[in-house]
Each structure stands twice: as structure tokens, then as C-alpha cells.
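The values are calculated or read from the model by the stated rules, or taken from the named source; none is laboratory data. Here the structure is a predicted model, which means the values were calculated and not measured. Ideal geometry is used to build each Cβ from the backbone, glycine not excepted, and the neighbour counts take in all protein chains shown. The accessibility values were calculated without ligands, DNA or RNA, using every heavy atom of the protein model including side chains. Shrake-Rupley method; radii C 1.70, N 1.55, O 1.52, S 1.80 Å.
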Amino acid sequence: MAILDILHYPDPRLRTLAKPVATVDDGIRQLVKDMFETMYAAPGIGLAATQVDVHQRVLVLDVSEGRSQPLCLINPVIVAAEGSEQMEEGCLSVPDVFEAVERAERVVVHALDEKGNAIKVTAEGLLAVCIQHEIDHLDGRLFVDRLSALKRSRIRKKFDKQQRQVV
Ligand code: NI
């Protein structure tokens, strides 16, 4: 197992559209293990492969308090969504930024698990929000893209300044 490097906004690689996984093989299973380790170490409640610079449609999530409900979704597709809610979101790729984002309240997702079996997940609340946030990553989208232009430009300036300071 290995802890992977997480890309940070505004890294352009975070804008890559991830490709579907053709076969769930040992290479994918190793990626899933490393992603869980990376997510738990961060610590975070969700991680998309895009964030570790692997552009395949793989997510790991665990929204439980005790980190006891690991969920891996490969090639996830939202097949139904209803309701809407606002929740404060953060992202391992956008450190120290928390903003309210509006998303569907309940979603039904079709995916493959790490054994390659087809699964169906019905989620609401935090898990539903987290799944939508992580699928956005696979499509090259970040939660800051869903904020107002004013908030977005403020966040962008903050990260541009940080980059200048570390160079
Ligand atoms: Ni994120």
C-alpha cells in the first residue's frame, strides 16, 4: 500500500475527463487500496482517482464516523436524483476552503465494486453529496466551479498567492 500525492487546485490535471475502467483487475484493486489509504490518512471522506492523477473512473468513500463503511465505486453513473439540499463542502484538492453547495438530496448510483460486480447504491444526505462531489472530479469539475463568480475569483486569488509564496 502507498499514500499517493493529491493534486491541488488550480492544477490543470484536475480538469481531465476520466476514462471508464475496462476491466477491474489487480492493478485497479491496488489503486483502490492505495486510494483508501490516502483518503484515510488525509483525512477525508471521499477521493476520486483524478485527485491522485489517475484518470480512470474510480472513487473511494467512507462517510461513517468510525471509518467502518468503505465504499468503492468504479464507473459510477447516477441513474436517478431527486430533491435538493445545501451542504457545506470541502475538498482535499482545495485545502481550507468550505462553502455551501446545492446538490440533489437523494441519488441512485449504478457502479462496479472492486471485485467487478455490478452494484446499486441508494444514498441520501452526506453520502449522496459526497458521491456527487466525487463524480464531478471524474468529469474534471471541482466544487468551487459551482460557486458564484465572485467567490470563485476570491478562492482563485488565494491559491495563486499561495503558489507564488512556495515557489
Ligand atoms: Ni473533492
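Quick look at the values:
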read-out	value
For the chain, size of Cβ-based charge dipole, Lys and Arg +1, Asp and Glu -1, in debye	660 debye
Cβ charges +1 (Lys, Arg) and -1 (Asp, Glu), total dipole of region 114-167, debye	520 debye
Amide H contacts of Q56 (H built 1.01 Å from N, under 5 Å, at least 5 apart or other chain)	K19, T50
Most positive-pole-ward Cα, V107, A123, I135, against dipole of region 107-167 from beta carbon charges	I135
Global form of region 1-84, assessed from the alpha-carbon gyration tensor, a/c cut-off 1.5	rounded
Within region 10-167, percent of DSSP bridges classed antiparallel, to nearest 5	95 percent
Accessible surface, per residue, of region 5-118 when the full set of protein chains is kept, probe 1.4 Å, Å²	50 Å²
Whole-Hz ³J(HN,Hα) from phi, Karplus 6.51 cos²θ - 1.76 cosθ + 1.60, for region 75-86, glycine and proline x	6, x, 9, 7, 9, 8, 8, 8, x, 8, 8, 10
Carbon and sulfur %, accessible surface of region 1-114 computed with the full protein complex present, 1.4 Å	51 percent
Region 41-114: C-alpha gyration tensor shape, a/c 1.5 cut-off, then a/b vs b/c	rounded
Test item: Cα-centred dipole of region 57-113, Lys/Arg +1 and Asp/Glu -1 on Cβ, debye	340 debye
Cα shape, the chain, gyration tensor, a/c 1.5 rule	oblate
